[in-house]
Amino acid sequence: MDNEPVGQLTIRPLAAADKGAWRALWTDYLAFYNSTVTEEVYETYFDRLLGDDPQDYNGLIALYDDKPVGLTHYVFHRHGWTIENTCYLQDLYVDPALRGTGAGRALIEGVYAAADAAEIAGVYWMTQDDNATARQLYDRIGEKTPFIKYKRV
């Protein structure tokens, strides 16, 4: 069961003024997955998150009492089995101190709302099988599929 937050939680689209906070949150997210990116990737990704190309990702930021505490990135794309587009939620991160307060759920629901506004029914995401904390939320808000991801070696 989620902890009752004491302050105000707000989910909103990422803005140019969020760059520093976004970078800190995304750096922590990458570190969680033992990953890093180059400065060029940071700059390009942030620019794309704010761009208007429909192929680019979109970003939401979670604020707790106006302090940035989480983020999510998502993209709408075509699907070979349907006429309609689908939505891939690529990144989701909440500051560990705020986990269990509903921030992660609110970020996912923000993606659901963006997909609904674009008349896109499908939203999907992946996580590592040992990410037990996140999977507790995902098991409540989504449906686990039987697919296993492979990538080129």
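Please find, among Ala117, Ala113, the residue that is closer than 15 Å to Pro13 by Cα and surrounded by fewer than 10 Cβ atoms within 10 Å (Cβ to Cβ).
Ala117
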Could you count how many residues in region 118-141 are part of a loop (DSSP other than H, G, I, E, B) and either in contact (Cβ under 8 Å) with a residue 24 or more places away in the chain or within 18 Å of Gly102 (Cβ to Cβ) (or both)?
7
If I go through region 65-78 residue by residue, how many of them are touching a residue at least 24 places away in the same chain (Cβ under 8 Å) and open to solvent by less than 70 Å² (accessible area, probe 1.4 Å)?
8
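The values are calculated or read from the model by the stated rules, or taken from the named source; none is laboratory data. The shown structure was predicted, so the numbers you read here are calculated from the model rather than taken from an experiment. Every residue, glycine among them, receives a Cβ derived from its backbone with ideal geometry; neighbour counts consider all protein chains shown. These area figures cover heavy atoms from the full protein model, side chains too; ligands, DNA and RNA do not enter into them. Shrake-Rupley method; radii C 1.70, N 1.55, O 1.52, S 1.80 Å.
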